[in-house]
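The structure appears right after this line, and notes come after that.
The values are calculated or read from the model by the stated rules, or taken from the named source; none is laboratory data. Note that this is a predicted model, so its numbers are computed, not measured. All Cβ positions, glycine included, derive from the backbone under ideal geometry; neighbour counts span all protein chains shown. Protein only, heavy atoms only, side chains kept; ligands, DNA and RNA dropped before computing areas. Shrake-Rupley method; radii C 1.70, N 1.55, O 1.52, S 1.80 Å.
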Amino acid sequence: MKVKQYRKILLLVLMICAAILFGCVERALGRQLSTQQIASEWSAEDSYAQISCFFSKDAAVTKDYVIQLEQKLKTALQEASEDTSDVNGRTLVDCYSTKGELTLYSDRASITARAFGVGGDFFTFHPLKLLSGSYFDGEDLNKDGVVIDENVAWQLFGSNNVAGMYVEINGVQYPVRGVVKSDKGYFSDAADEEAATVYVSYEILEGRSDSSTGGMDSAATGTTDSKGGSYGQSAGTTLDSYELLIKNPVQKFGFNALKEALGLDKSSYEIVENSSRFGLMNRFTVLRNFGIRSMNTKNIVFPYWENRARAYEDLAALLLILELLCLVYPVIFAAGKIHWLWKHKTEIRQKLVQWIKVFVKELRIWMKHVKAQEHPVKKQWHWKK
């Protein structure tokens with residue numbers, strides 16, 4: 001009988017430990033993605049929300065549209081009586097990007113790479129690991145720098161330490177500001193993160209760089225350069241994504257403010273609140289929509305960082321299922337004990353009352369003993385005559 005009881009207790013302990021382990025792994029997943037942590041890193045008080053919006057090409061979102069969007073969001077914050085400036089005096093922290101393709105040349109080789117034309121504080125939202133050099137700032141006036149990943153660096157120069165060297169795009173020389181590491185792994189490979197990638201300003205991908213070295217407006221249709229490579233293959237000037245860090249005085253304020261400011265057809269965009277996507281309620285939402293979630297009914301192609309985050313969301317939801325399954329036996333065990341206690345409540349109450357009486361009695365004896373020690377009886381001396 002005792003052996004059987006020990007086995008039940010051992011199983012209980014193992015199930016609880018497994019549930020704790022799955023829970024820890026599940027909560028650690030979101031922290032592995034640096035692109036999802038900007039709000040918590042920006043403010044420890046959870047007063048900011050990080051939100052991403054992804055557009056279809058039909059939405060025809062441009063940089064001018066983003067400028068209008070920023071103004072609407074500033075107005076929404078002002079109407080909510082919120083200060084719209086951050087610690088650096090800026091009004092909003094945001095970025096935008098679009099995907100294309102560029103051919104880059106060095107003195108020794110050439111490569112056609114996936115290109116992201118970016119603007120705003122892109123590298124604040126995407127703190128890629130630098131192997132050499134630095135990022136370029138979205139506020140740079142010249143917009144003439146590029147950031148390449150290690151695949152491009154090795155193909156063009158045979159080294160990662162190439163910051164300060166130049167690459168040629170459509171006959172124009174651009175300095176390499178930095179080299180970033182390419183993520184590797186199962187999800188990274190599935191999300192196409194390992195593809196050779198170059199990050200340039202939105203203007204360079206458009207084909208109308210404002211750098212002093214030149215540039216040309218050829219992005220709308222794509223151009224073949226003098227060396228036979230393609231340039232500016234960005235399917236026009238439309239944006240693929242917009243990312244925002246905004247004050248969030250009440251839950252869903254930033255999400256609703258952006259949704260209202262967009263003014264687009266619902267089928268042409270997808271909004272994600274990154275700062276809450278790995279929360280418990282969102283994991284239940286993922287489970288509820290697990291099959292439907294895989295059906296893409298919108299003409300939207302997510303960038304690699306969003307595809308990876310969605311894969312982590314699915315994995316976190318599956319870990320939640322395992323965690324709940326591990327808790328089934330402890331819940332049944334606890335329910336059985338509660339039922340037993342309720343069934344024997346009269347007997348337990350009598351024993352409890354008896355135990356309290358014994359305890360009180362022992363306590364009184366102990367207190368009398370303590371008082372006797374503090375005030376000993378004086379010995380009476382009798383002198384003989």
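Brief remarks follow.
- Any hit, the stretch 327-350, residues being open to solvent by 90 Å² or more (accessible area, probe 1.4 Å), at pLDDT 90 or above and within 30 Å of residue 36 (Cα to Cα): no
- Test set (1) under 30 Å from residue 22 (Cβ atoms); (2) of a type in the set (D, E, K, R); (3) at pLDDT below 85 - residue 368 fails condition number: (1)
The rows are residues; the columns are (1) farther than 18 Å from residue 102 by Cβ; (2) open to solvent by 60 Å² or more (accessible area, probe 1.4 Å); (3) touching a Cys at 6+ places or on another chain (Cβ under 8 Å); (4) at pLDDT 90 or above.
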{"position": "153", "(1), (2), (3), (4)": "no, no, no, yes"}
{"position": "157", "(1), (2), (3), (4)": "no, no, no, yes"}
{"position": "181", "(1), (2), (3), (4)": "yes, yes, no, yes"}
{"position": "194", "(1), (2), (3), (4)": "no, yes, no, no"}
{"position": "200", "(1), (2), (3), (4)": "no, no, no, yes"}
{"position": "211", "(1), (2), (3), (4)": "no, no, no, no"}
{"position": "214", "(1), (2), (3), (4)": "no, no, no, no"}
{"position": "217", "(1), (2), (3), (4)": "no, yes, no, no"}
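- Residue, most open to solvent (accessible area, probe 1.4 Å), within the stretch 282-312, restricted to residues that are modelled with pLDDT under 80, assigned to a helix (DSSP H, G or I) and among the aliphatic types (A, V, I, L, M): 292
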